[in-house]
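K.L.:
Supplied in C-alpha cells, the structure appears directly below.
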Amino acid sequence: MKRMSLDVSAGPFTASVADARAGTRDFLDRLVQPLSPQTADDVVLVVSELVTNALRHGGGTCTLTLTAHADGIKVAVQDPSPHTPHTRTPDLRGGSGGFGWPMVNHLAQATAVTHGTTGGKTVSALLPR
C-alpha cells in the first residue's frame, strides 16, 4: 500500500486544485503497478472535483490523501464543513456547476462520507485499477 497526503487551501501562496492534480499525477507515475492512461485520468478527474468542491463549499481548506491498494486507488478529501455533498440539477446555462458529484459517483466503485468527531468530514472515492 502506498499513500500520499497534500494540504490544500484557497489562500495565497498555498497549494491549489492544480497542485492537487499535479501531485496526483506524480503519485500515480510512481506506482510499481502503473494504471492505464484512462484510469489515471479518471483518478485525476475525481481528485479535481473533490478538491474543488471542498475548497468551494467546505471552508476553503482541505487535505487530500491518496492510497494505492492492489485492486484500487482511494481518494480521500477532508475539509472542515459538516455538510454532506448532494446531487443537484446541473446548471446548463449559468455555469454554477452541479456536474461534479454525479461524475464522481459514476467513476468510482464506491463513495463514502465520514463525519469527524470534532467536526468536518472526509469524502472518499474508491476507483478501480
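Each reported figure results from applying straightforward, stated rules to the coordinates on display, with no laboratory input. Everything numeric in this text was worked out from a predicted model, so none of it was measured. Ideal geometry is used to build each Cβ from the backbone, glycine not excepted, and the neighbour counts take in all protein chains shown.
K.L.:
Residue by residue, what Karplus-based ³J(HN,Hα) values in Hz, rounded to whole numbers, does the range 122-129 have, using 6.51, -1.76 and 1.60 with θ = phi - 60° and x for Gly and Pro?
P.N.:
10, 9, 10, 9, 9, 10, x, 7
K.L.:
Have a look at Gly116, Gly23, Gly58 and tell me which one the Gaussian network model of the chain (Cα, springs below 10 Å) gives the largest fluctuation.
P.N.:
Gly116
K.L.:
Sort Phe27, Phe99 so the one with the fewest other Cβ atoms within 10 Å of its own Cβ comes first. Please list the in-between numbers first.
P.N.:
Details: Phe27 22, Phe99 12.
Sorted ascending by nearby Cβ count, the order is Phe99, Phe27.
K.L.:
Report Rg/Rh for the range 36-92, rounded to two decimals, where Rg is the Cα radius of gyration and Rh the Kirkwood radius. Could the numbers behind the result be given before it?
P.N.:
Numbers: Rg = 12.9 Å, Rh = 12.6 Å.
Rg divided by Rh gives 1.02.
K.L.:
Under a GNM of the chain (C-alpha, springs under 10 Å), which listed residue has the highest mean-square fluctuation: Gly60, Gly119, Gly100?
P.N.:
Greatest mean-square fluctuation among the candidates belongs to Gly119.
K.L.:
Here is a follow-up. Helix-only estimate, please: 222 nm mean residue ellipticity of the chain, summing -39500 (n - 2.57) across DSSP H runs of length 4 or more and dividing by its residues, to the nearest 500. Kindly include the intermediate steps, with their values, before the conclusion.
P.N.:
Numbers: 3 runs with 42 residues, N = 129.
Value at 222 nm, helices only: -10500 deg cm²/dmol.
K.L.:
Could I ask something else about it? Any chance you could tell me what percent of the C-alpha pair distances in the chain go past 21 Å? Could the numbers behind the result be given before it?
P.N.:
Working: 3031 of 8256 pairs.
Of all Cα-Cα pairs in the chain, 37 percent lie more than 21 Å apart.
K.L.:
Using modelled amide H (1.01 Å from N, peptide plane; none on Pro or chain starts), what sits under 5 Å from the amide H of Ile73, excluding residues fewer than 5 places away?
P.N.:
Answer set, sorted by chain and number: Leu127, Arg129.
K.L.:
Taking R0 as 22 Å, what FRET efficiency do you get between Lys2 and Ala22 from their Cβ-Cβ distance, rounded to the nearest 0.05?
P.N.:
On the way: r = 17 Å, r/R0 = 0.79.
Result of the calculation: an efficiency of 0.80.
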